[in-house]
Amino acid sequence: MKIKIVSRKFIKPSRPTPEKLRTYKISCMDEINPTNNIVGLLYYPSTDNIGNLNNLEKSLEEILPQFYPLAGRYIKENHSVDCSDQGVEYIQAQVDRKLLEIIGSGVEPVELNDLLPVEVGAADEASDPIMSVQINKFKCGGVAIGIAISHRIVDASSFGTLLSAWTKASRGDNSEPIIPNFDSPLYFPGENLGKLDLGMIRTRDPTIVTKRILFDKKAIANLRARVSHLYENSYRPPSRVLVVSSFLSEALMRCDHTKLGKQRDFLITQAVNIRERTVPPLSKYSCGNLVLLGMVERSSEETKSLDFERLVPLLGNAARKAVSDCVKILSNCQDGHKMLVDAFVGAADKSRDDNLNSIWFTDWSKFGFYDNDFGFGKPIWTSVANNPFKNLIIMLNTKENDGIEAWVHLHEKDMFYFEQDEEIKKLST
């Protein structure tokens, strides 16, 4: 797949950012994030309305005054954003392929990185735009829109809020306005903390490879059936995300044992969105890094008895505990700091222990990526790309809203064993 850059410019807010908002001091949760960008791709087939893409620029200009930090530049020495309206980088590119040739399993995940405006790890320098966009036009007339926003400033939920606001503005939809706020530093003030070192680099890391695994409606039903006896008295079955997380955790434990010939200690983390769950509730449109980690940690001896049937209630209980803990975050600063910052730092420290294997799950399936209609229809596929973050699993929704696409990022040596696993093979064929 060859990409030709046709144009490159900066989109600035339609009106200047007020002087009192020119400096945005980030929160302590923002400070500890590793250096990288949240990235996503939306794929649209050729339609009669897709020819005129100029409205994308105009609508982006219109919403940037509300999302003013995204048009600024991060000053890492000050742990703040200079919100002087430097602009969002906006690139237009031509692709020498047809859109349907790359949808789903058409290309390797790392090839999708070429459709992004910047490298996933290219963030935090004063010259790096906080937000970048690349409009990729295919030979067939289809379009893929690649967006990257610094993880120093936003999380995946904030990313979804930006996309929803942008598409509504592009369609001229004034119903139910999306009003973002950047108030997380008020609740979690910055402490000049250092960023976590999770081994990510600025450029592509060829040792970290990505595999996309589709759990369709049938696969989800089969997984739920395996634990149906555990939920006979429940009014709802285990969630799609829970059964997929448990299945993949078991597979990765199995592969780790095959590779090393022994069990290791395991740490499984699940990112939980704290918006609308705190007391008082943070707005669903609060922008920043607002997640709590649900964690399961087991010794090598305990890991021996962990199978899918045991992992489902174990991970489910950990997620429910994290959700219930959200009510305490704002009521006690010390407890809130311990649950948010200290837990994150502790998990990162443990992940560097050679005697422990860590798995990081993050669920993006509820952020409405398939609802993003710029005026030429909803996307036929949404995706991420290759992330230089070992043992990261990003879970996306499917277009039919009944499955999960799991994007599994592993070291190439671990991916060899993962792809040879019999249970994984069944899903890959």
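The values are calculated or read from the model by the stated rules, or taken from the named source; none is laboratory data. Owing to the predicted nature of the structure, the values given are computational and were not obtained by experimental measurement. As a convention, Cβ positions derive from the backbone with ideal geometry for all residues, glycine included, and neighbour counts pool all protein chains shown. What goes into the accessible areas is simple: the full protein's heavy atoms, side chains included, and nothing from ligands, DNA or RNA. Shrake-Rupley method; radii C 1.70, N 1.55, O 1.52, S 1.80 Å.
Carbon and sulfur together cover what percent of the accessible area of region 95-196 at a 1.4 Å probe radius? Mind showing how you got there, number by number?
Numbers: 1810 of 3680 Å².
Ligands and nucleic acids excluded, carbon and sulfur give 49 percent.
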query = residue 23's amide H: which non-local residues (gap 5+, or another chain) put their own amide H closer than 5 Å, with H modeled 1.01 Å from N in plane and none for Pro or chain starts?
reply = 83
Inter-part distance where region 123-175 and region 224-288 are each reduced to a Cα centre, Å = 28 Å
GNM result for the chain, Cα springs below 10 Å: residue of 139, 399, 390 fluctuating most strongly = 139
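Apply the a/c threshold of 1.5 to the C-alpha gyration tensor of region 106-148 and tell me whether it is rounded, prolate or oblate. Could the numbers behind the result be given before it?
Working: a/c = 4.16, a/b = 1.77, b/c = 2.35.
It comes out oblate by the Cα gyration axes.
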query = Where a Cα-Cα gap under 22 Å defines reach, which lysines qualify for residue 195, not counting those fewer than 8 residues away within the same chain?
reply = 25, 76, 338, 350, 390
For the chain, the longest site-free run once GluC sites (Glu not before Pro) in DSSP loop states with at most 14 other Cβ atoms within 10 Å are removed = 277-399
query = Anyone know which of 345, 154, 88 comes out most mobile in the 10 Å Cα GNM of the chain?
reply = 345
note = As a percent rounded to 5, the proportion of antiparallel DSSP bridges among beta bridges in region 247-361 is 55 percent
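Taking every DSSP beta bridge with both residues inside the chain, roughly what % is antiparallel (nearest 5)?
Values: 54 of 71 bridges.
Rounded to the nearest five, the antiparallel share is 75 percent.
Past 28 Å, Cα to Cα, is the threshold; run 58/137; 9/284; 259/425; 218/284 against it and keep the listed order.
Numbers: 58/137 18 Å; 9/284 31 Å; 259/425 17 Å; 218/284 32 Å.
Correct reply: 9/284; 218/284.
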Accessible area of region 305-396 belonging to carbon and sulfur atoms, whole % at 1.4 Å probe = 51 percent
ask   = Taking the Cα centre of each part, how many Å lie between region 6-65 and region 85-110?
value = 17 Å
message = Given a Förster distance of 25 Å, report the FRET efficiency between residue 373 and residue 221 from their Cβ-Cβ distance, rounded to the nearest 0.05.
response = 0.25
request  = Starting from the Cα of residue 4, draw a straight line to each of the aspartates and glutamates and keep only those under 13 Å, dropping any in the same chain fewer than 8 residues away.
outcome  = 96, 114
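Can I get the semi-axes of the chain's equivalent ellipsoid? Compute them from the C-alpha gyration tensor as square roots of 5 times the eigenvalues, in angstrom, largest first. Present the calculation step by step, with values, prior to reporting the outcome.
Working: eigenvalues 223, 142, 85 Å².
Working from the Cα gyration tensor, I get semi-axes of 33, 27, 21 Å.
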ask   = Build a GNM of the chain with springs between Cα atoms under 10 Å: which of 209, 120, 327 gets the top mean-square fluctuation?
value = 327
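Taking a ≥ b ≥ c as the square roots of the eigenvalues of the Cα gyration tensor of region 221-306, is the shape rounded (a/c under 1.5), prolate (a/b larger than b/c) or oblate?
Numbers: a/c = 2.70, a/b = 1.45, b/c = 1.86.
The shape class here is oblate.
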request  = With both partners inside region 291-429, how many of the DSSP beta bridges are antiparallel, as a percent to the nearest 5?
outcome  = 60 percent
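Give the accessible surface of the chain per residue, rounded to a whole number of Å², with probe radius 1.4 Å and ligands, DNA and RNA excluded. Display every interim value, and only then the final one.
Numbers: 18680 Å² over 429 residues.
Solvent-accessible surface per residue comes out at 44 Å².
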ask   = In Å and whole numbers, how far do the C-alpha atoms of region 134-240 stretch along each principal axis, longest first?
value = 47, 47, 42
remark   = The alpha-carbon pair-distance distribution computed for region 49-200, with 10 angstrom bins and whole-percent values, is 9, 35, 35, 17, 4, 0
request  = In square nanometres and to one decimal, what's the mean projected area of the convex hull around the Cα atoms of region 300-429?
outcome  = 11.6 nm²
